[in-house]
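Written out below as structure tokens is the structure these notes cover.
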Amino acid sequence: MTTLPPLPMSRPKLTALAREKLPCSPRTTPRSELIKEKDDIDRYLEVKIKGLSKEEVAAYRNTYKKNICVDMLRDGYHKSFTELFTLMEKWEALREAARVRSVFWLQKPLEEQPDKLDHFYYYLTRAEVAERKKYFEDVYDNLYALACYFNNSEDKWVRNHFYKRCFEIAELIKIDGGKKEAEAHGHMGLLFEEEGKLLEAAEHYEAFHQLTQGRKWRDETGRSLNLLSCESLLRTYRLLSDKMLENKDYTQAIRILIKASEIAKEANDKKMEGEASYYLGLAHLAAGEHDTALEDLSTYSEISTELEDDLSLGRAYEAIARVLQSQGEMVEAITYLKKFVKLARNNFQKLDVVKASTMLGDIYNEK
């Protein structure tokens, strides 16, 4: 998650006044007490602070959330108000749905989270000003800042809202060679992947990959966008292939894993290439194509040896042993399983030792 600096904002007078009254009381206040509180505040302001307008007096009585909305409307940010109001309605709908289902939602009401309201006000209004001037890059940056700020488990739906807004705006940006559009496709791919909509995720990740080919673009952490697109696409292809293998659709699973292998080679990342070969080998094994499975798994073994990655090499040996066992080549299968046991012991992988020992026991029992 991107860490945002404190907001360098000068608050409108209403919200500045209202913030002095925070935190807002979470309890339900009787009407008689509210009237008394209003009268007390009015008298206090009359005595202590001269020259306040009725609007400014109201700021002391209203919630911070309400004053944020009033400021937006008063200052002409009607689009920002509409978007914030829609988000607040959904926020309350989610709270109500949790209450109806007797779910204990730990998140505070929005009016008790002034920092979030400040972020909404600051970035939405800046985005609106930029959009009026058709500075679409600035619109994107402000909306993306909100997506980053709300990138946590309880606010993920807010993050997703701004990912969608960024995607809409990115298509209007014509001066950066498509970088923002590529990033937006990556974010939309993640959104759909997290929702389990793998075909939609793959579609966005494919666009992300295509737009970053031959580019040296990097994200805010310095990571190559092209490499990130390859990782995302391979991960999604693997999840799709798992579902296909569950349904015994071996041809489609192998086809999509071949695409994954080609992308991994293009990325020039040996570890990624090895992983792609491993999963392709397992798919060929599931389809009963033993010779092809051995070729893929041997590639994985060679790459793991080159990278001096003992854990991956152990996985390769275990998978090769399974193929050999399926072919009835028990002596060779035992040889690979013993190699697997040795690597697992050297790396203190107790579960792998148990797995290999169980497989060895099964083979010896078959003899």
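Values quoted throughout were computed directly from the atomic coordinates according to the rules given, and no laboratory measurement underlies them. Model, not experiment: these values are computed from the prediction. Cβ atoms come from the backbone with ideal geometry, glycine included; neighbour counts cover every protein chain shown.
Inspection of region 183-197 finds no residue satisfying the criterion of being more than 22 Å from Ala145 (Cα to Cα) and in contact with a Phe, Trp or Tyr (Cβ under 8 Å, 6 or more places away or on another chain).
Within 28 Å of Ala267 (Cβ to Cβ), of a type in the set (Ser, Thr, Tyr), surrounded by fewer than 16 Cβ atoms within 10 Å (Cβ to Cβ) and in contact with a Ser or Thr (Cβ under 9 Å, 6 or more places away or on another chain): does that describe Ser298?
Values: within 28 Å of Ala267 (Cβ to Cβ): yes; of a type in the set (Ser, Thr, Tyr): yes; surrounded by fewer than 16 Cβ atoms within 10 Å (Cβ to Cβ): yes; in contact with a Ser or Thr (Cβ under 9 Å, 6 or more places away or on another chain): yes.
Taking the combined requirement at face value, the residue satisfies it.
For Asp291, the stated conditions hold: it is in a helix (DSSP H, G or I), over 33 Å from the mean Cα position of the chain (by Cα) and over 30 Å from Lys216 (Cα atoms). Of the residues Arg165, Arg99, the single one that is in a helix (DSSP H, G or I), surrounded by 15 or more Cβ atoms within 10 Å (Cβ to Cβ), of a type in the set (D, E, K, R) and on the phi < 0 side of the Ramachandran plot is Arg165. Taking first residues from region 80-101 that are more than 14 Å from Thr125 (Cβ to Cβ) and partners that are outside any helix (DSSP H, G or I), the Cβ contacts under 7 Å between residues at least 6 apart in sequence or on separate chains come to Arg95/Trp105; Ala98/Trp105. Here Leu360 meets the list (1) under 30 Å from His209 (Cα atoms); (2) surrounded by 15 or more Cβ atoms within 10 Å (Cβ to Cβ) almost entirely, failing just condition (1).
Here are Leu124, Leu199, Leu191, Leu143: which of them is aliphatic (A, V, I, L, M) and surrounded by fewer than 16 Cβ atoms within 10 Å (Cβ to Cβ)?
Details: Leu124 fails: surrounded by fewer than 16 Cβ atoms within 10 Å (Cβ to Cβ); Leu191 fails: surrounded by fewer than 16 Cβ atoms within 10 Å (Cβ to Cβ); Leu143 fails: surrounded by fewer than 16 Cβ atoms within 10 Å (Cβ to Cβ).
Exactly one of Leu124, Leu199, Leu191, Leu143 is aliphatic (A, V, I, L, M) and surrounded by fewer than 16 Cβ atoms within 10 Å (Cβ to Cβ), namely Leu199.
Those helices (runs of 4 or more DSSP H) of region 168-274 in which 2 or more residues are of a type in the set (Val, Ile, Thr) and more than 19 Å from the chain's Cα centre (by Cα) occupy 250-267.
In region 278-301, the residues that are within 20 Å of Arg235 (Cβ to Cβ) reach residues that are basic (Lys, Arg) and part of a helix (DSSP H, G or I) with C-beta atoms within less than 7 angstrom, at least six apart or across chains, in these pairs: Tyr278/Arg315; Tyr279/Arg238.
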